[in-house]
Amino acid sequence: MRFTIIFVLLLSSLALSCKKENPYLLNKPESVIWNPVTESYLISNVGSGFILSLKDKQDFSIFNKANLDGPKGMAILGNNMYVADLKRVVGFDLQTGEKTFEQKVPDASFLNDVTASDGKMIYISDSDSSFIAMLNVVDKKLEIYKDKDLIKPNGLYYQKTDKDTLLYIVSMKDNTPIKVLNLGTKVLTDIPHTEMTRADGITRDKMGEWLISSWADSTVYKYSPDFLMKSTIKEKYQSPADIFYNPVTDELAIPQMQLNRVNFITIDDSLEKTNK
């Protein structure tokens, strides 16, 4: 497997007081997405509360024009970006960064990842309270989904097929398979032979192959579309959080939360059969 790693580094000459933290520095980066309006990456930083906009892999600016407490997962729906911020969901205009939406989630304790449908709905995982929040961003109607087999959900991926709308879920729990929630029937099922420990992010590449990050072994796993074949990216990435595949640039963004670093890599299509 051949790939190239580009480390995100920042050289700043901003005249800030040495007693104040530089807001343009990566500080526990958790999630990365692509802003198609400004053609730049958005990076949420749990440590500082800032969402940084990264242009051309070198120019940082602050995206959010309203304060955040601990922004994590992000998703784009329409002209807005929605971010999980501890116990609430906040929306921002993609062009201006102005706040356009805010919704508290009752009984939330650690809202984590966000994924968007192709309509009005976004879905948010709560890893501590073990539920999925289903939020209509137009009328703010909120539904909470719980299941005895849904424990510590983290990364989410929305997928619409000819017959169903599905939510793929990975967990921060030990030795837990990837789960699929049918959003029509509300039936939760396991994908066989996909057990992982402390999984964080889930995304898909241009070939439809699945990419999943795991904190347990600092690894990004790659599954075939049917989950019958598996390989790993050979390089290790400590604390790989909410990964993101960008079809525009054909690269995978891997935020390394504890190292204050984001890696952008290209990956080949080689897969190995899983051990059954």
Could the peptides 177-184, 221-228 be put in order, highest first, of the mean number of other beta-carbon atoms found within 10 Å of their residues?
177-184, 221-228
Given backbone amide H placed at 1.01 Å from N, residues whose amide H is under 5 Å from that of L86, ignoring those fewer than 5 places away on the same chain, are G70, K72, L111
XL table K104/K236; K28/K222; K146/K173; K65/K236; K55/K179; Cα-Cα > 27 Å flagged, in table order, is K104/K236; K65/K236; K55/K179
Karplus-derived HN-Hα couplings along region 258-266 (A = 6.51, B = -1.76, C = 1.60, θ = phi - 60°), whole Hz, x at Gly and Pro:
6, 9, 6, 8, 10, 9, 10, 10, 10
When ranked by the protection proxy of mean other Cβ atoms within 10 Å per residue, highest first, what sequence do the peptides 209-217, 64-72, 28-36 form?
28-36, 209-217, 64-72
What shape does the chain take by its C-alpha gyration tensor, where a ≥ b ≥ c are the square roots of the eigenvalues and a/c under 1.5 counts as rounded, a/b above b/c as prolate, and the rest as oblate?
oblate
Burial-style ranking of 149-155, 75-81, average other-beta-carbon count within 10 Å with highest first, yields 149-155, 75-81
Using alpha-carbon positions, the gyration tensor of region 54-151 gives root eigenvalues a ≥ b ≥ c; with a/c under 1.5 called rounded, otherwise prolate if a/b exceeds b/c, else oblate, the class is prolate
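Computed from the coordinates by the stated procedures, all read-outs in this text should not be read as laboratory data. Small disclaimer: the values here were computed from a predicted structure and weren't measured. Glycine gets a Cβ as well: all are built from the backbone with ideal geometry, and neighbour counts include every protein chain shown.
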